[in-house]
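In what follows, a single structure is set out as structure tokens and then discussed.
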Amino acid sequence: MTDMIIEKARKETRTLLTEIEAKQLLKNAGINVVDTRLAASKEQSVAIAKEIGFPVVLKIASADVVHKSDAGGVKLGLKTAAQVGKAYDDIMKSIKAAFPNAKIEGVSVQGMARPGVEVIIGMSKDAQFGPVLMFGLGGVLVEILKDVSFRIVPLVKRDAREMIREIKGFPLLQGYRGSEPVDVENLENILLKVSEFIEKTPEVKELDLNPIFAYKDGAVAVDARVILENA
Ligand code: ADP
Ligand code: MG
């Protein structure tokens, strides 16, 4: 399955996997992702939304759009068939305006995950050290404060433990001003699984799980980005 997805991208001479493909790879690696399906038309997006159950999220599905929400390609919290239909049209309109030449597969349809503490896990390759994993809290904490930690792949249990605890924002994961503590052990397991996946899949050049929603019990990745090495 993983090989097939990579092979398909190679055949199409692209290095960016779609969100759906990236999530499939991670799911195969044992990482919990929001169930995400491709709809090639407006009618299909409504049909899939009904199957998944409202509220749903629609996102542009295109290997030419790296940052989906920047381009108006993400619509959250859609509660009815009519809202899904309108979101489909709005996404297509925005993307065609922002990227007139993008090859569009359709939209991804996925359940709206319940809110959690947003964390991110990333992988990039260092010229000297090879694959390196990054962990941080999502949103502004990463973008502005760069509150992140790094470890070289392969990670051992202790690396995963430490890298979560050494970010400045760690207290936010322990429960802050009445918010519930999150399942840190589950995040450690995700880090270890990502490390394993990267070791086994050298074709992956960059990876981003941004964000993962962390809960009192478990966690789920709602977005995934994978960039492949040039063949
Ligand atoms: P981008 O390509 O812009 O990173 P994302 O898929 O990360 O797009 O979506 C943007 C934001 O929308 C996320 O950071 C997250 O807060 C929210 N989001 C995305 N998918 C879901 C989902 N399935 N359930 C709930 N919130 C979501
Ligand atoms: Mg994202």
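Contact annotation: residue pairs with Cβ atoms under 7 Å, 6 or more positions apart or on different chains, pairing a residue in the range 115-131 that is farther than 16 Å from Leu26 by Cα and without any contact (Cβ under 8 Å) to a residue 40 or more places away in the chain with a partner that is open to solvent by less than 30 Å² (accessible area, probe 1.4 Å) and not in a strand (DSSP E or B), are Gly130/Val153.
A single member of Leu76, Leu58 is within 16 Å of ligand 2 (Cβ to nearest atom), in contact with a Phe, Trp or Tyr (Cβ under 7 Å, 6 or more places away or on another chain) and at pLDDT 95 or above, and it is Leu58.
Quick one: would you say Val107 is aliphatic (A, V, I, L, M), in the same structural domain as Leu78 (by TED's automatic domain parsing) and within 20 Å of the chain's Cα centre (by Cα)?
Numbers: aliphatic (A, V, I, L, M): yes; in the same structural domain as Leu78 (by TED's automatic domain parsing): yes; within 20 Å of the chain's Cα centre (by Cα): yes.
Yes: the conditions hold for Val107.
Of the residues in the range 156-163, none is touching an Asp or Glu at 6+ places or on another chain (Cβ under 9 Å) and at positive phi.
Look at Ala221 and say whether it is closer than 23 Å to Thr15 by Cα, open to solvent by less than 30 Å² (accessible area, probe 1.4 Å) and within 16 Å of ligand 2 (Cβ to nearest atom). Show your work before the answer.
On the way: closer than 23 Å to Thr15 by Cα: yes; open to solvent by less than 30 Å² (accessible area, probe 1.4 Å): yes; within 16 Å of ligand 2 (Cβ to nearest atom): yes.
Answer is yes for this residue.
Taking the criterion of being open to solvent by 20 Å² or more (accessible area, probe 1.4 Å) and assigned to a helix (DSSP H, G or I), the residues of the range 71-91 that qualify are Ala81, Ala82, Gln83, Lys86, Tyr88, Asp89, Asp90. Look at the range 152-180: where a residue is over 10 Å from Leu191 (Cα atoms) and open to solvent by 100 Å² or more (accessible area, probe 1.4 Å) and a partner is assigned to a loop (DSSP other than H, G, I, E, B) and modelled with pLDDT of 95 or more, sitting 6+ places away or on another chain with Cβ atoms under 9 Å, you get Gln174/Pro181; Gln174/Val182; Glu180/Tyr215; Glu180/Lys216. Looking at the range 147-154, can you tell me whether even one residue there is within 20 Å of the chain's Cα centre (by Cα), small (Gly, Ala, Ser), within 16 Å of ligand 1 (Cβ to nearest atom) and in a strand (DSSP E or B)? No, there is no match, as no residue in the range 147-154 is within 20 Å of the chain's Cα centre (by Cα), small (Gly, Ala, Ser), within 16 Å of ligand 1 (Cβ to nearest atom) and in a strand (DSSP E or B). Filtered by the rule that a residue be open to solvent by 50 Å² or more (accessible area, probe 1.4 Å) and under 24 Å from Met112 (Cβ atoms), the range 181-207 gives a lone residue, Pro181. Scanning the range 33-54 for residues that are of a type in the set (Val, Ile, Thr), within 14 Å of ligand 2 (Cβ to nearest atom) and part of a loop (DSSP other than H, G, I, E, B) turns up at least one hit. Within the range 118-133, the residues that satisfy the criterion of being open to solvent by 40 Å² or more (accessible area, probe 1.4 Å) and either outside any loop (DSSP other than H, G, I, E, B) or within 14 Å of ligand 1 (Cβ to nearest atom) (or both) are Glu118, Ser124, Lys125, Asp126. With the requirement that a residue be within 9 Å of ligand 1 (Cβ to nearest atom) and surrounded by 19 or more Cβ atoms within 10 Å (Cβ to Cβ), what does the range 54-70 give you? If the condition is that a residue be within 9 Å of ligand 1 (Cβ to nearest atom) and surrounded by 19 or more Cβ atoms within 10 Å (Cβ to Cβ), then Val56, Val57, Lys59, Ile60, Val65, Lys68 are the ones that fit. Of the numbered criteria (1) within 15 Å of ligand 2 (Cβ to nearest atom); (2) in a strand (DSSP E or B), the one Val66 fails is (2). Whenever a residue of the range 82-105 is without any contact (Cβ under 8 Å) to a residue 24 or more places away in the chain and farther than 27 Å from Thr15 by Cβ, it has no partner that is open to solvent by less than 40 Å² (accessible area, probe 1.4 Å) and small (Gly, Ala, Ser) lying with C-beta atoms less than 7 angstrom away and at least six residues away or across chains. Taken together, the residues in the range 175-226 that are assigned to a loop (DSSP other than H, G, I, E, B) and either in contact with a strand residue (DSSP E or B) (Cβ under 7 Å, 6 or more places away or on another chain) or at pLDDT 95 or above (or both) amount to 12.
The values are calculated or read from the model by the stated rules, or taken from the named source; none is laboratory data. All values derive from a computational prediction rather than experimental measurement. Cβ sites come from the backbone with ideal geometry, for glycine too, and all protein chains shown count toward neighbours. Surface areas here come from the heavy atoms of the whole protein model, side chains and all, with no ligands, DNA or RNA. Shrake-Rupley method; radii C 1.70, N 1.55, O 1.52, S 1.80 Å.
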